[in-house]
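Below: the structure, in structure tokens.
The values are calculated or read from the model by the stated rules, or taken from the named source; none is laboratory data. The shown structure was predicted, so the numbers you read here are calculated from the model rather than taken from an experiment. All Cβ positions, even for glycine, are placed from backbone atoms using ideal geometry, and neighbour counts span all protein chains on display. Note: areas computed on protein heavy atoms with side chains; ligands, DNA, RNA excluded. Shrake-Rupley method; radii C 1.70, N 1.55, O 1.52, S 1.80 Å.
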Amino acid sequence: MAGHFEALPGGGAAVALDEVEIAILRSLAVQLMELIGPGDEPVEGEDPLAALFAEGPSEAPSDPALKRLFPDAYGDEDEELRAAAADFRRFTENDLRARKREDALAVIRSLDALSSTGEDGVILKLTADESRAWLGALNDLRLTIGTRLEVTDEDESGDLYRLPDSDPRKPMVMAYLWLGALQESLVETLMP
């Protein structure tokens, strides 16, 4: 089980994690929440129904990682498509940001709920819903780190993966690869 998820009855998943892995995952999830930003809290006394219909931003984020997490829905080949993308973003981005925050928070909460046994690690057991939240958060973490590392689909040479230990990007590359393996094993557990 070490290093990969295994299926649990009822659609959940379990993985063995040591204290270092728990700390890294928690730190990355907190950083992801900070990157995504805080949610808009309803103003006290304001109609909660009005908050549901609050409009979000119409412009794509300038940060490349946020732009990857919140891409334009349509290409920008012409003015009409740019206008449609802005409208789509205005009505969907707030909900998407909230879901991404909830997924990252689910990771943090499940890690915080672990009790150390004094051994080398613990077994994290997730319900089906928690597994889906973890899958979303792992995906968002990989997208963010991959963007920071400038990983593209064309990176077939693998130069990034053969960096010397002295390269300052090496820890991010290692995290990227580890998160990919976790994500892949979690996907496999969730497939019927």
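Taken one residue at a time, the phi angles of the stretch 179-192 give Karplus couplings (6.51, -1.76, 1.60, θ = phi - 60°) of 4, x, 5, 4, 4, 4, 5, 5, 4, 4, 6, 8, 7, x Hz. Gly and Pro are set to x. Using a probe of 1.4 Å on the protein chains alone, the accessible area found for M33 is around 50 Å². Applying 1/(1 + (r/R0)^6) with r as the Cβ-Cβ distance of D95 and S62 and R0 = 22 angstrom yields a FRET efficiency of 0.55. Pairs of Cα atoms nearer than 8 Å and 6+ residues apart set the relative contact order; for the stretch 58-192 it is 24 percent. Using C-alpha pairs below 8 Å separated by at least 6 residues, the relative contact order for the stretch 127-192 is 49 percent.
Remark on the stretch 79-192: Rg and Dmax equal 17.8, 60 Å (Cα only).
Placing pseudo-labels 7 Å out from each Cα toward the beta carbon at L163 and W178 gives an inter-label distance of 1.4 nm. Measure off, as a whole percent, the carbon and sulfur share of the 1.4 Å-probe accessible area of the stretch 54-192, all protein chains present. Accessible surface attributable to carbon and sulfur in the stretch 54-192 totals 51 percent.
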